[in-house]
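Single-structure report; data block below.
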Amino acid sequence: MRASVQGVLREVLIAACLTGLMILLFLGNWRATLIIAVSIPLSMITSIIALSALGQTINIMTLGGLALAVGILVDDATVAIENINHQFEQGKTLEQAILDGAHQIAIPTLVSTLSICIVFVPMLLLTGVAHYLFIPLAEAVVFAMLASYFFSRTLVPTLAKYLLRYHHKPADLHLEARVARPGLFVTLFLACCCASLLLLPFIGRDFFPAVDAGTIALTNERNAVAIARRRMAASVALVKALGGGWDTSRLPGDDALVHPSTATSGPTRAPAPGSEAEAHG
């Protein structure tokens, strides 16, 4: 179990790092990336606190829910910081850009967050084993999403006040040339897509990924041995009831089944020829 939890925790950290790298790649601004990336661990910590208040623990299902939500935890913060930056580049003061940007996206981001959370509401109606398996996962995702919205309304504007700086993006001199020649762009795009297909033989195929949790299960083997012993005991009892003389004290798994008529303390010898006649004489 500990190995499984550590494996899921490692996947959560990898997902968070990859999310931050993708934000940096597309935004191209380390300040905005830092503001957005800070909301990821804070949202996860807030979700863990809420789970603890409800009596949940850190297990495979709760960590799986957090891993599932990592990629969408940054949505609210990304929309907020981009809108603030857009208002700022229009010539407004930083404070006014923060107020206007945060006000414009308040309702849309709330609707988007609730749309994601409502998907997990039917899990609350599950019963039996599924209830105990999927309720922690759903709670982890919902709490993390609500926390991300809260931080996009409070922490992100505050960090934007201290970290954002005005930066003028120089005009791309090659943009018009690329737009004027769409055929070349489409050709290069299709060539890259076809080249990516060459990686398929190296990916591998499997019905289900191999999982090494550091445990060995022997329950089925023990059950099979127990069933075989019970069947043999029933067979021996049936033979004995029909007049056989089998010893039922030695079952499979012992040395052998011993017939009382053949169990002797020493080796048996066949009678010598003529011994029976001599005895009668």
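The values are calculated or read from the model by the stated rules, or taken from the named source; none is laboratory data. Please read all numbers here as calculations on a predicted model, not as lab measurements. Cβ sites come from the backbone with ideal geometry, for glycine too, and all protein chains shown count toward neighbours.
Per this entry, Ser52 is counted among residues that are polar (S, T, N, Q), modelled with pLDDT of 90 or more and in a helix (DSSP H, G or I). From the list Ala144, Ala50, Ala69, the lone residue that is of a type in the set (Gly, Ala, Ser), in contact (Cβ under 8 Å) with a residue 60 or more places away in the chain and surrounded by fewer than 20 Cβ atoms within 10 Å (Cβ to Cβ) is Ala50. Every test in (1) touching a Gly at 6+ places or on another chain (Cβ under 9 Å); (2) free of Cβ contacts under 8 Å to residues at least 24 places away in the same chain is passed by Leu13 save one, and that test is (1).
A quick yes/no check of all residues on (1) among the β-branched types (Val, Ile, Thr); (2) touching a Leu at 6+ places or on another chain (Cβ under 9 Å); (3) over 27 Å from Gly28 (Cα atoms); (4) at pLDDT 80 or above:
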{"residue": "Val141", "(1), (2), (3), (4)": "yes, yes, yes, yes"}
{"residue": "Ser152", "(1), (2), (3), (4)": "no, no, no, yes"}
{"residue": "His174", "(1), (2), (3), (4)": "no, no, no, no"}
{"residue": "Cys192", "(1), (2), (3), (4)": "no, no, no, yes"}
{"residue": "Ala195", "(1), (2), (3), (4)": "no, no, no, yes"}
{"residue": "Arg205", "(1), (2), (3), (4)": "no, no, yes, no"}
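Here Gly128, Gly101 are screened, and the one residue that is closer than 21 Å to Ile60 by Cα and assigned by TED's automatic domain parsing to the domain that holds Met44 is Gly128. Which residue out of Ile81, Ile107, Ile118 is closer than 22 Å to Val38 by Cβ and part of a helix (DSSP H, G or I)? Of Ile81, Ile107, Ile118, the one residue that is closer than 22 Å to Val38 by Cβ and part of a helix (DSSP H, G or I) is Ile81. For the range 18-40, the set of residues classified as within 12 Å of Thr78 (Cα to Cα) and aromatic (Phe, Trp, Tyr) consists of Phe26 only. So, Ile45, is that one part of a helix (DSSP H, G or I) and either within 13 Å of the chain's Cα centre (by Cα) or surrounded by fewer than 16 Cβ atoms within 10 Å (Cβ to Cβ) (or both) or not? Yes: the conditions hold for Ile45.
Confirm whether Thr113 is at pLDDT 90 or above, touching a Ser or Thr at 6+ places or on another chain (Cβ under 9 Å), closer than 19 Å to Leu68 by Cβ and assigned by TED's automatic domain parsing to the domain that holds Gly55. Yes, satisfied.
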